[in-house]
Amino acid sequence: TVSVLYCRPHGRPVGALHLPSPVCMETHSPALPMPTVRRKSNFDGVVTESPGATPQAAELQAFGSTEPVEPERPPLPFNNALLQNELPSFQATLSPPGVISWLLLCALFCIVLGAIIVDESDKIFEHRVSYGELHRYKYPRNEEEANASRLNGGVAFDDEFGGVQYQGRLTELTFDVPRRVEPPIYLSYTVKGMLMTYRQFASSRSSIQLQGDSLGVADLVKCRPLRSPGELGDEDSIARRTITIGDASRLYGDMIYFPCGALPWSMFNDSISLFRVDSGVRDVLVCNASDFDINGDRLTLSAAQNPCTKRNIAWPSDRKRRFLPSEAQYDRIDYWSGRGRQNTSDMYLERGWYYGEPGHKVPDPHDEDLMVWLRIAGIPDFRKTLRVIHTPLEQGTYRLVVREFFDATSFKNGNKGIELRSASWLGGKNYTLGGILIGGGTLSLLTAIVLFARANLAAAVDVDDEEEDAEDDPASSDAVLRRSSPVWASRISLLRLPTSGLLPPSGETR
């Protein structure tokens with residue numbers, strides 16, 4: 001007799017499941033006959049029967065069922081083709097002809113493309129002229145430096161004390177263009193030694209403000225130390241002073257620069273003009289970069305007199321999405337912008353200058369020059385597009401006239417200049433890329449030649465082996481296969497095993 005304990009919550013056997021309030025009972029039933037398992041011997045092929053214990057049989061009899069009950073199993077974890085490494089796959093079988101063909105194609109592609117890039121680089125015109133080291137101009141901070149600016153072509157600006165303060169310095173130099181250059185020609189300014197990626201400097205701006213949202217001083221923490229007048233030098237006395245705008249009064253500390261931050265404040269602002277020198281004739285103007293307003297329209301000169309443009313020098317994403325100032329921002333009484341204000345007691349606000357900096361105009365968010373400047377340069381030596389020239393540059397001498405306002409002397413090894421470059425689908429000269437492609441293609445070609453020579457040498461060795469085998473035993477199976485298929489000949493030569501000592505003596509069996 002067999003005693004079995006069953007637990008059947010809700011009327012069905014569940015085994016070891018943890019369910020509340022199981023109903024258990026003990027049954028006594030005669031022992032079932034032990035089933036037999038048929039096994040086949042691996043030696044003599046005799047079928048035997050051996051008893052085996054099957055507890056499931058007693059359970060089926062106790063419940064009066066003859067059908068086996070499959071236990072409920074949870075789904076297997078990670079049971080998918082990707083995790084079980086059952087996805088379809090393939091493995092390429094490489095052969096010498098295939099590898100050599102791919103190497104030759106790669107060599108042809110790289111060498112041809114590299115030669116095209118080198119040839120295109122030869123056609124691109126690039127010429128740089130540095131002028132920052134000539135006078136080492138820096139922003140005048142005392143009377144001596146202001147007098148030096150006055151004696152060297154500086155511009156006079158009225159200050160808040162009723163006096164005159166001189167800013168800038170006039171610089172002229174000549175250079176030669178060795179060949180004729182077709183338009184469009186990009187006139188860019190270059191800066192050396194300026195780390196625009198410095199974290200506090202690069203983040204000193206407000207993208208939300210530039211997109212048209214009006215923010216208060218407390219919302220412009222990133223713009224410090226140029227959120228409002230007097231903050232740059234921590235001059236609390238200035239911040240607590242009162243400014244009159246129409247009938248309203250405001251503290252300087254409550255005014256907001258628009259745009260705020262050190263990044264717009266440091267925008268490149270040298271005035272650049274380029275002339276072509278004609279012998280016996282007045283110099284011909286090529287580009288006057290300062291004769292444009294914030295919208296890119298010419299101020300005084302016509303297109304024939306000033307054949308360069310300011311439009312579309314910024315990225316389309318900047319013009320359409322990133323810089324969308326609203327007129328409501330200019331109308332705010334506490335916004336200090338480059339447009340200036342009438343009926344105010346402060347001359348800097350009236351003329352749109354930064355406070356305490358005569359002549360240093362606050363940039364306008366609509367100005368594409370500001371959009372170009374706010375694109376952070378990743379290296380300390382960079383260039384940025386200033387104007388696009390639409391007239392050919394003839395071979396000859398050119399004169400560059402610059403009124404310097406941008407201080408590059410404060411940088412370590414700082415310098416500035418201009419660059420003239422022609423347009424191309426390649427962008428700029430790139431001999432490095434062309435050299436890498438030609439070098440890679442040459443290496444692929446040499447590799448293909450070596451593999452081809454090695455394959456031919458191996459084939460010659462196989463032919464010699466065939467001839468020797470044919471002389472030894474012309475009717476051997478190896479010789480027949482070698483004569484019928486050169487591929488099988490090479491494989492047989494690699495797979496041949498030594499036979500000495502393996503075959504039994506004649507007359508014996510193994």
Q: Holding the Cα-Cα limit at 23 Å, pick out from Lys361/Lys384; Lys222/Lys412; Lys320/Lys384; Lys320/Lys416; Lys192/Lys222; Lys384/Lys416 the pairs that are longer than that.
A: Lys222/Lys412; Lys320/Lys416; Lys192/Lys222
Q) Can you work out the FRET efficiency for the pair Glu172 and Asp381, with r the C-beta to C-beta distance and R0 = 22 Å, to the nearest 0.05? A) 0.35
Q. Which whole-number percent gives the relative contact order of the range 144-247, counting Cα pairs below 8 Å spaced six or more residues apart?
A. 12 percent
Q | At R0 = 45 Å, FRET efficiency that the Cβ-Cβ distance of Arg311 and Asn79 yields, to 0.05 | A | 0.15
(Q) Quick check: residue separation of Trp425 and Leu87 times 0.36 nm, minus the Cα distance between them. What number comes out in nm? (A) 117.4 nm
Q) Which whole-Hz couplings ³J(HN,Hα) result when phi for each residue of the range 196-205 is put into the Karplus expression 6.51 cos²θ - 1.76 cosθ + 1.60, θ = phi - 60°, listed in order with x for Gly and Pro? A) 6, 7, 4, 4, 5, 6, 5, 8, 7, 6
Q | Ordering of 284-290, 174-180, 128-134 by packing [mean C-beta count within 10 Å, highest first] | A | 284-290, 128-134, 174-180
Q. Farthest toward the dipole's positive end in the range 300-384, which of Pro358, Ile376, Tyr335, given Cβ charges of +1 (Lys, Arg) and -1 (Asp, Glu) about the Cα centre?
A. Ile376
Q: Starting from the Cα-Cα distance between Lys361 and Asn295, subtract it from 0.36 nm times their residue separation and give me the gain in nm to one decimal.
A: 22.2 nm
Q: Consider a paramagnetic label point 7 Å from the Cα of Ala248 along Cα→Cβ; state which residues of the range 339-354 have an amide N under 16 Å from it.
A: 340-346, 349-350
Q. Which lysines have a Cα less than 20 Å from the Cα of Lys123, not counting those fewer than 8 places away in the same chain?
A. Lys429
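No lab work stands behind these numbers, since they all come straight from the coordinates. Keep in mind that what you see is a predicted model, and the values were worked out from it rather than measured. For neighbour counting, all protein chains shown are included, and Cβ atoms are generated from backbone atoms with ideal geometry for every residue, glycine included.
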